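Written below as structure tokens is the structure these notes are about.
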Amino acid sequence: MSPRTAQTKPLPPPKRRAADVAYDAIEALICTLELQPGSPVVEAEIAERTGLGRTPVREALLRMVSIGLIEPQPRRGLLVSGIDLAGHLDIVATRRVLDQLIAACAARRATTHQREEIVRCAARMHDAAERGRIDDYMRADHELDTISHLASRNLPAVNCVVPLIVQCRRFWYAYQHAGDLMEGARAHLAFAQGISSGNEAAAVAGSNQLMDYLEHFARRIIDQ
């Protein structure tokens with residue numbers, strides 16, 4: 001193998017920390033309402049349920065306390081936080097500003113491969129919506145967030161927006177009966193196509209369309 005070939009060989013992806021794996025596993029339990037709002041969170045039970053060690057589980061739970069997904073209660077231990085209907089509009093409003101920045105950065109900085117992947121993720125959401133496959137829809141949604149965040153190369157904005165996205169995802173799972181998968185898929189596709197175009201204004205417009213969808217969805221729930 002020549003030195004040139006050795007230099008261009010792609011590096012293997014870095015091994016994920018056990019605490020990050022634990023965080024993702026617990027987040028999924030909370031977002032999909034397998035752990036209901038107000039339910040107790042017992043470290044040993046979570047470790048057994050996820051098959052992970054208590055130390056990474058403990059670290060993950062502390063991170064969730066810091067972003068408000070889990071609340072410590074005197075004499076009651078840790079509880080899954082409730083869903084604040086009125087407060088959710090503030091979450092969407094704050095996310096709107098951050099998503100605009102991330103979308104603009106991604107439109108400017110994404111690689112060709114990332115632009116293609118972003119559109120593919122949105123297309124998978126659209127396909128899942130047509131088939132009524134909620135789990136596939138949400139999986140593609142998570143992948144779309146991940147690749148667009150990487151493409152933005154704006155870590156401060158991503159670190160701020162991720163906890164808000166988690167809250168939005170949980171809100172959607174809780175009230176999905178009032179949602180419209182196809183409407184959501186179309187909004188995500190506009191967001192993806194805006195980034196893929198390389199036009200920052202189009203990316204921001206797509207981001208706003210997605211946030212409009214989330215805001216209207218939240219208002220429908222609050223007004224019921």
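The values are calculated or read from the model by the stated rules, or taken from the named source; none is laboratory data. What you see is a predicted model, and the numbers here were worked out from it, not measured in a lab. Positions of Cβ are generated from backbone atoms using ideal geometry, with glycine treated the same way; all protein chains shown enter the neighbour counts. Keep in mind that these areas ignore ligands, DNA and RNA; they rest on the heavy atoms of the full protein, side chains included. Shrake-Rupley method; radii C 1.70, N 1.55, O 1.52, S 1.80 Å.
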- Item | Carbon + sulfur, % of accessible area of the range 77-197 - ligands and nucleic acids excluded, 1.4 Å | 56
- Between (1) 16; (2) 29; (3) 38, which matches percent of Cα pairs over 30 Å apart calculated for the structure shown? (2)
- Message: Using a probe radius of 1.4 Å on heavy atoms only, what accessible surface per residue do you get for the chain? Whole Å² is fine.
- Response: 53
- Message: If I take R0 = 25 Å and measure r between the Cβ atoms of Thr112 and Ala201 in this structure, what FRET efficiency does the formula 1/(1 + (r/R0)^6) give, to the nearest 0.05?
- Response: 0.80
- Show me 163-170, 216-223 ranked by packing, highest mean number of other Cβ atoms within 10 Å first. 163-170, 216-223
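Where Lys and Arg each count +1 and Asp and Glu each count -1, what net charge lies around Ile91 among other residues with Cβ under 14 Å from its Cβ?
Counting the neighbours of Ile91, the net charge comes to +1.
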- For every other residue with a beta carbon closer than 15 angstrom to the beta carbon of Arg139, add +1 if it is Lys or Arg and -1 if Asp or Glu, then tell me the sum. -4
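Using the Cα gyration tensor of the range 13-114, with a ≥ b ≥ c the square roots of its eigenvalues, what is the shape: rounded (a/c below 1.5), prolate (a/b larger than b/c) or oblate (neither)?
oblate
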- If you stretched the chain out fully between Gln176 and Val65, how much longer would it get, using 0.36 nm times the residue separation minus the C-alpha to C-alpha distance? 37.4 nm
- Decide, for the range 103-180, between rounded, prolate and oblate: order the square roots of the alpha carbon gyration tensor eigenvalues as a ≥ b ≥ c, take rounded if a/c falls under 1.5, and otherwise choose prolate if a/b is larger than b/c, else oblate. oblate
- Task: Using a/c under 1.5 as the rounded threshold, could you call the range 84-139 rounded, prolate or oblate? The axes a ≥ b ≥ c are square roots of the C-alpha gyration tensor eigenvalues, and prolate needs a/b larger than b/c, oblate otherwise.
- Result: oblate
